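Below: the structure, in structure tokens.
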Amino acid sequence: MLLLLLILMPVVGSIIAALMPTNARNREAWLAGGIAFVGLLITAYLYTQIGTGALGTGELGTGELGTGDVVRYQLEWMPDYGLNFILRMDGLAWMFSMLILGIGVLVVIYARYYMSANDPVPRFFSFLLAFMASMLGVVLSGNLIQLVVFWELTSLTSFLLIGYWHHRADARRGARMAFTVTATGGLCLLVGVLMLGHIVGSYSLDVVLASGDLIRAHPWYLPTLILIALGALTKSAQFPFHFWLPHAMAAPTPVSAFLHSATMVKAGVFLLMRLWPSLSGTPEWTLIIGGAGLCTLLIGAFTAIFQHDLKGLLAYSTISHLGLITLLLGIGTPLAMVAALFHTLNHATFKASLFMAAGIIDHESGTRDMRHLRGLFKVLPYTATLAIVASAAMAGVPLLNGFLSKEMFFAEALAVGSARNWSMSAAAVLMGIFSVAYSLRFINVFFGPLATDLPREPHEPPRWMRFPVELLVLCCLIVGVIPGLSVGPFLNTAVISVLGEQTPDYSLSVWHGFNLPLLMSVMALGGGVLLYIWLRTRHGLIQSSRVPFLYRFNGKQAYESTMLRISSSASLLEKLLSTRRVQPQLLLMITLLLAVPLLIVRPVSLLTFSDNGEFSPLFAGLWVIGAICAVAASWQAKYHRLAALSLVGGVGIVVSITFLWLSAPDLALTQLMVETVTTVLILLGLRWLPARITPKELNIRATRLSWFRRSRDMVVAVVAGLCMSIVSYAVLVRSAPVGSISDFFMTRALSEGGGSNVVNVLLVDFRNFDTLGEIAVLAVVALTVYALLRRFRPAPESLPIPAQQTNNVDPAAGQTPVQQVESGYLMVPAVYLRMLLPIMVVIAAYFFIRGHNLPGGGFVAGLTFAVAIIVQYMLGGTTWVEKHLRLQPHRWIAFGLIIACATGLGAWLFGYPFLTTHTAHMTLPILGEIHLPSAFIFDLGVFGVVVGSTILILVALAHQSVRSHRLPISNIAPVINKEAN
């Protein structure tokens, strides 16, 4: 349960933080920091199981410890399809979890002092905790599909964090760019994961990691590798997708320190490390991964030298160091993997401290432009000292952690070369030279005369704002001096979890003697100093506004040009195929759908009649009536919309009787109630339709065009109706083969679903997950309609009250006609019709209770209950109903969704897959033995969502009509009738 707690805590904390008041900055910081710190303690405790093997022998999937050195937690969801919720922590996941939570704690402390009191701080900490949960989900996922879900959540939450200051155009642009690139890569990753699961036959990470030989030998290996690499390279800002990361610097500095040192950009390299046993070891892997890493480390390092923004310099240096890690992974040797893991740890520590130091400079001086910053050591001595040490670690100065991992990189660059091929070694040294140069560029802001034109007078930040930087710089020093004692055991645990038996012998000693890697380090340090001096003193290229040689290759411009072309193409397509009028859209849609019957029905089946079919004059007469109603409705729509609506309702009743005739009472009940609700819905919406133009108001040409359009639409409608009739007939006369899906449900509905009503058991048991999605969509639609109607206000009109209403007004009553109508004074019969409410409620309860064994169910019962409420609105008006019934549709929707989801979660708590149904048998004193299936409770959730959604939509429409006319709904119909004519 500890693994599940690691993810649930930040999720719950995110919700709580979002609900806090805006002036609760201390409480939000304590909440976020406390959650991250508790998670850090839990992760540290779990190292005792990961580092020494499992201490328990519980069965896999019960939340106990698994065997070996992996801690697992598993919940059954769809085991037949290999989709279970699995959390899995090994050494690699532990290392990344410690980075996420450890630096997360420090970022929260730093953000408490960095964020302004005028900022919406609750939103910041809510987004930060949500991102933390998503990132933990990525590193702890034991199922590949689950990993992709969390992967996309990191893209979404990082979008919110980068665009936190949404009033700034650069923040919005950077957030959109980051989300577009990483989410597109996430889609590629999803396809690659699906292909990988198909190759292996499972989405379980344990199975995939053990099937490396099978994957590499499969014909799908190359496309699978390309798709997964696209997901990883886009997330970690590798060439050619590196352009988004510098534009993400518009985020607050705490976000940059968190996302771009230990979390988001590390997700891509984590994925490559995680799948390294399955995908590496081929020339294709080296070419794709190593090639991207090599290009990235050189481009990022060279571009960083010429940046003027402190965070911009750190952004490109991050790109370069991520390229270094990616290149090490692409090399593919076990020692290269060790170096990649080690540099991941080192980069997170010195880069987070540098981002925080840059934020302190910006916070205290009011600018990050290095062309204006100088002499800060005089006013920021402590911060300057910390930043200089961290910059030295980034440059690879001895006795700091960056030196050790960079020397391991140099050693691997030498190992993959040969006596005649020094290209990799040369690239490594060149990258080292560039890194020293941009590190000196960062350090230079602390020396020289103090700038006098700064927006604010700089001074040291609060003590606790500087504490995270101090702790991280201390880690850089400790690891640089005693790496074996400080980080050695933890690094070894991560290495073993990835390499297993291939784990090589390696040393973390500070001194390895005089060798070529040491010489390369000296060359990088000396060359970087000389390059920086040359650029500053002789050519002044550092002050240039563009990067030499690379300014023509602008990834941002390519991205924006691509997005512009996509937008232009979409606008052209919309112009060609779309219109604001509904009629042309429906014409195009129905015309395209005419080809569907030809694709799904064989011509021979259209001429085959059922042997059991008997001609019934009564049934034929019923459909003649339905056809007459349909044709009459089409004709009346031109003259009298209310009559057309009534005739359409007649067609719906004929369809309901047809379902009943064909022994489908559930469908008949549903169709009848849907027809009733739809009729009222359209009735309330009639007043917004445009007024009809009489033929006298049209010229002759327009009249001819109108007749042509109506004739064309009639032909299309008749042909489409005939096609749907043919499809329906073909389905009805088709004989179901033995063992078909219908036989499955018929034979198992009672024995496994606990009900004899196959339709209801199908909806709330066998396919209850589909039903859960459908009611969720219904709730979203209802809330959307409600929100739109709240914004839409029809123009108020002074409509006269019909004469038959004003004739009954008693002038002595002291009320205006409108007041008497609203109070129900004129509607004496409504008093009796209100007695329908308890009767219809009883009918709804009857349909609901009997639904599992007889026709009925939560959907039909919900519509029946909603119609009962609608009748009261139509009789008494909105004022009377809302005064006496106090309906709250939003709560009905929330109640239904919570009940439906709680049914599925209840199955999880007992160790069964999500939404697994069970039947409990109870003996009551009077009723005797009864059975209560859990599907009954799920059906109650369906009932609540249907009632709430239906009432919310119809009442929202009713309120609009009443606001416009100030009349009860029952008295709006004559006005609608007049407008329709």
key: Residues Leu647, Leu5 arranged by fewest to most Cβ contacts within 10 Å   = Leu5, Leu647
request  = Go through 394-404, 654-664 and give me the packing order, highest mean Cβ count within 10 Å leading.
outcome  = 394-404, 654-664
ask   = Ordered by packing density, taken as the mean number of other Cβ atoms within 10 Å over each peptide's residues, highest first, how do 299-307, 894-902 rank?
value = 299-307, 894-902
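Between rounded, prolate and oblate, where does region 632-691 land on the alpha carbon gyration tensor, with a ≥ b ≥ c its root eigenvalues, rounded for a/c under 1.5, else prolate if a/b exceeds b/c?
Numbers: a/c = 5.06, a/b = 1.99, b/c = 2.55.
Judged from the Cα gyration tensor, region 632-691 comes out oblate (a/c at least 1.5, b/c at or above a/b).
Among the chymotrypsin sites (Phe, Trp or Tyr not before Pro) in region 753-793, which ones are in a DSSP loop with at most 11 other Cβ atoms within 10 Å of the Cβ? Mind listing them?
Within region 753-793, the qualifying chymotrypsin sites (Phe, Trp or Tyr not before Pro) (loop, at most 11 other Cβ atoms within 10 Å) are Phe792.
Classify region 101-182: rounded, prolate or oblate, from the alpha-carbon gyration tensor (a ≥ b ≥ c, eigenvalue square roots; a/c under 1.5 rounded; otherwise prolate if a/b is larger than b/c)? Present the calculation step by step, with values, prior to reporting the outcome.
Values: a/c = 2.92, a/b = 1.34, b/c = 2.18.
Oblate is the answer for region 101-182, as a/c is 1.5 or above yet b/c matches or exceeds a/b.
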request  = Mind jotting down the distance between the C-alpha centroids of region 1-36 and region 99-177, whole Å?
outcome  = 13 Å
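For Leu472, Leu153, Leu836, what ranking results if the residue with the fewest other Cβ atoms within 10 Å of its Cβ goes first?
Working: Leu472 27, Leu153 18, Leu836 15.
So the residues, fewest neighbours to most, are Leu836, Leu153, Leu472.
Subtracting the Cα-Cα distance from 0.36 nm times the residue separation, let me have the gained length for Ile15 to Phe708 in nm, one decimal.
Working: separation 693, 0.36 × 693 = 249.48 nm, distance 5.82 nm.
Once the chain is fully extended between Ile15 and Phe708, it gains 243.7 nm.
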ask   = What translational diffusion coefficient, in µm²/s and rounded to a whole number, does the Stokes-Einstein relation yield for region 401-542 at 20 °C and a viscosity of 1.002 mPa s, taking the hydrodynamic radius as the Kirkwood radius over Cα pairs?
value = 116 µm²/s
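Suppose R0 equals 60 Å. What FRET efficiency, 1/(1 + (r/R0)^6) with r the Cβ-Cβ distance, do Leu194 and Thr452 give to the nearest 0.05?
Numbers: r = 61 Å, r/R0 = 1.01.
With R0 = 60 Å, the Cβ-Cβ based efficiency is 0.50.
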key: Charged-residue dipole, Cβ positions (Lys, Arg, Asp, Glu), region 282-543 about Cα centre, Debye nearest 20   = 620 debye
message = Between region 387-416 and region 273-312, what is the separation of their alpha carbon centroids in Å?
response = 17 Å
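Pairs of alpha-carbon atoms within less than 8 angstrom and 6+ residues apart define the contacts here; what relative contact order does region 65-215 have, in percent? Let's see the in-between values first.
On the way: 154 pairs, mean separation 29.2, N = 151.
Relative contact order for region 65-215 comes out at 19 percent.
Suppose R0 equals 41 Å. What FRET efficiency, 1/(1 + (r/R0)^6) with r the Cβ-Cβ distance, do Asn444 and Ser567 give to the nearest 0.05?
Values: r = 42 Å, r/R0 = 1.03.
Between Asn444 and Ser567 the formula returns 0.45.
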task = List the relative contact order of region 368-477 as a percent without decimals, with contacts defined as Cα pairs under 8 Å and 6+ residues apart.
result = 47 percent
task = DSSP loop (so not H, G, I, E, B), at most 15 other Cβ within 10 Å: list which chymotrypsin sites (Phe, Trp or Tyr not before Pro) in region 195-276 pass both filters.
result = Trp220
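Assuming a ≥ b ≥ c are the square roots of the Cα gyration tensor eigenvalues, decide whether region 282-543 counts as rounded (a/c under 1.5), prolate (otherwise, with a/b larger than b/c) or oblate.
The shape class here is prolate.
Of the listed pairs Lys266/Lys556; Lys311/Lys406; Lys311/Lys351; Lys311/Lys378; Lys235/Lys556; Lys351/Lys378, which have alpha-carbon separations greater than 19 Å here?
Working: Lys266/Lys556 22 Å; Lys311/Lys406 22 Å; Lys311/Lys351 11 Å; Lys311/Lys378 22 Å; Lys235/Lys556 16 Å; Lys351/Lys378 24 Å.
Among Lys266/Lys556; Lys311/Lys406; Lys311/Lys351; Lys311/Lys378; Lys235/Lys556; Lys351/Lys378, the Cα-Cα distance tops 19 Å for Lys266/Lys556; Lys311/Lys406; Lys311/Lys378; Lys351/Lys378.
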key: Förster radius 45 Å - calculated FRET efficiency between Tyr81 and Ser663, Cβ distance, rounded to 0.05   = 0.85
message = Just to be sure I understand the model, the point goes 7 Å from the Cα along the line to the Cβ. What's the resulting Phe910 to Gln502 distance in nm?
response = 4.6 nm
query = Per-residue HN-Hα couplings for region 215-221, Karplus 6.51 cos²θ - 1.76 cosθ + 1.60 at θ = phi - 60°, whole Hz, x for Gly and Pro?
reply = 5, 5, 8, 7, x, 7, 4
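None of the figures in this text is laboratory data; all of them are computed from the coordinates on show. In this text, all values refer to a predicted model and were calculated from it rather than measured experimentally. All Cβ positions, even for glycine, are placed from backbone atoms using ideal geometry, and neighbour counts span all protein chains on display.
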